[in-house]
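Okay, so here's the structure we're looking at.
The values are calculated or read from the model by the stated rules, or taken from the named source; none is laboratory data. In this text the structure is predicted, and so the values were computed from the model without any measurement. As a convention, Cβ positions derive from the backbone with ideal geometry for all residues, glycine included, and neighbour counts pool all protein chains shown.
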Amino acid sequence: MRAQVSSAILMVRPAAFGANPETALDNGYQMPPEEISVSEVQVRALAEFDQMVSLLRAKDINVMVVEDTELPNKPDAIFPNNWFSTHADGRLIYYPMLSNLRRKERRNDLVDLFFEAGFRVEEIVDLTFFEDDRQYLESTGSMVLDRQHKIAYACKSDRTHPEPLHYFQQLMGYKLVEFTAVQQLKAKKKPIYHTNVMMHIGEKLAVVCLDSIERLAEKLRVKEQLEQSGKVVLPITIPQKFAFAGNMLEVQNSQGKHYTVLSKTAYNSLKAGQKHILSKYTDLIMPNIPTIEMIGGGGVRCMMGEIFLPQIK
């Protein structure tokens, strides 16, 4: 059985965290308070980042911390899961991204960094050529992967286009479950920009905001496919989705113990019954990252790039 949960993650310590005006157009989670200075935002973000790393390492989770470079300016560097993914067969994939600012986050030294950390890259797959045709697929933001059963769940948006999505399907041999999920932004319904803000798949449990999928047939297909894959489905509401309750990640430590990482914001939005179900399957790690969530518009899952690469023997 293929592994669903990684025992190592990559996190990027930001050099200039801040609000990205390019991503604010469709994000809907970015709510930067005007009274906080740019320098104070960076100080708070670093404190939240370091606290999260400490919480993970205290549970003996292998966290590979990479320092962001000061130039060029990359306000979203703290969210590396959108520009690369790694796979158990040794493949490292780079993805096409909508925001010009975010494209600067991609690092040419990533293979060397993985090698230094004891991981082996067998093949580099570069999908960034799709950017020339304005076609985007933002890695595990656009796709929530059931790696055990090779199923990719993806809600269509301006950051998740069919052409690169189907290319990934053929390249990696995944089954696709495509659907449309919407949210209310400025009195208009718009597609949810990333699938991983409304959906999480762990080894045994799936958390999903089914209410955001308007078409009944698509809603049933998502739910039924998850259940057929052996997942217990934990529904969350639209307000809980906006509190990052869909933005979770299951990880494991060096002893193989599983944890679900979700923010304090997300945990506090859940009802008692939901908390009980969630904690029934894994222990919980709950970093407090309000600055990163409000100003960056991303949550804990976005901050963690999973490392599934084979280790160097």
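Would you check if there is a residue in the stretch 253-276 being over 17 Å from the mean Cα position of the chain (by Cα), farther than 29 Å from L92 by Cα and among the β-branched types (V, I, T)? Scanning the stretch 253-276, I find no residue that is over 17 Å from the mean Cα position of the chain (by Cα), farther than 29 Å from L92 by Cα and among the β-branched types (V, I, T), so the answer is no.
The number of residues in the stretch 67-95 that are in a strand (DSSP E or B) and either of a type in the set (G, A, S) or more than 21 Å from I295 (Cα to Cα) (or both) comes to 7. Take L110 and tell me if it is touching a Leu at 6+ places or on another chain (Cβ under 8 Å) and not basic (K, R). In short, yes. Considered as a group, the residues in the stretch 220-244 that are without any contact (Cβ under 8 Å) to a residue 24 or more places away in the chain and within 21 Å of Q183 (Cα to Cα) include one that is surrounded by the fewest Cβ atoms within 10 Å (Cβ to Cβ), and that residue is L220. Reported count of residues in the stretch 285-313, each being among the basic types (K, R) and part of a loop (DSSP other than H, G, I, E, B), is 1. Of the residues making up the stretch 96-132, those that are more than 26 Å from L46 (Cβ to Cβ) and in a loop (DSSP other than H, G, I, E, B) are P96, L98, G118, R120, V121, E122, L127. Within the stretch 101-123, being under 27 Å from E203 (Cα atoms) and surrounded by fewer than 13 Cβ atoms within 10 Å (Cβ to Cβ) holds for E122, E123.
When you scan the stretch 277-284, do you find a residue that is within 30 Å of S37 (Cα to Cα), at pLDDT 95 or above, out of contact with any Pro (no Cβ under 9 Å at 6 or more places or on another chain) and not small (G, A, S), even just one? Full working, then the answer.
Applying the first criterion (within 30 Å of S37 (Cα to Cα)) to the stretch 277-284 yields none.
No, because not a single residue in the stretch 277-284 is within 30 Å of S37 (Cα to Cα), at pLDDT 95 or above, out of contact with any Pro (no Cβ under 9 Å at 6 or more places or on another chain) and not small (G, A, S).
Can you confirm whether F130 is surrounded by 13 or more Cβ atoms within 10 Å (Cβ to Cβ) and over 14 Å from Y94 (Cα atoms)? Against the criterion (surrounded by 13 or more Cβ atoms within 10 Å (Cβ to Cβ) and over 14 Å from Y94 (Cα atoms)), F130 does not qualify.
Only one of the numbered conditions (1) modelled with pLDDT under 90; (2) touching a Phe, Trp or Tyr at 6+ places or on another chain (Cβ under 9 Å); (3) of a type outside the set (V, I, T) is not met by E40, and that is (2).
Checking each residue in the stretch 149-167 for being more than 15 Å from N247 (Cα to Cα) and touching a residue at least 60 places away in the same chain (Cβ under 8 Å) picks out H149, K150, I151, S157, D158, R159, P164. Do the conditions hold for Q148, that is, is it in a loop (DSSP other than H, G, I, E, B), modelled with pLDDT of 95 or more and either among the polar types (S, T, N, Q) or over 18 Å from the mean Cα position of the chain (by Cα) (or both)? Considered against the rule, which asks whether it is in a loop (DSSP other than H, G, I, E, B), modelled with pLDDT of 95 or more and either among the polar types (S, T, N, Q) or over 18 Å from the mean Cα position of the chain (by Cα) (or both), Q148 comes out as yes.
Counting the residues of the stretch 56-100 that are loosely packed, with under 15 Cβ neighbours inside 10 Å, over 26 Å from R2 (Cβ atoms) and in contact with a Ser or Thr (Cβ under 8 Å, 6 or more places away or on another chain) gives 0. Only a single criterion out of (1) outside any helix (DSSP H, G or I); (2) crowded, with 17+ Cβ neighbours inside 10 Å; (3) touching a residue at least 60 places away in the same chain (Cβ under 8 Å) is not satisfied by N247, namely (3).
Per-residue answers, yes or no, for (1) part of a loop (DSSP other than H, G, I, E, B); (2) more than 14 Å from the chain's Cα centre (by Cα); (3) of a type in the set (S, T, Y):
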site	(1), (2), (3)
G141	no, no, no
V144	no, no, no
Y153	no, no, yes
L165	no, yes, no
F168	no, yes, no
Q184	no, yes, no
K189	no, yes, no
A206	no, yes, no
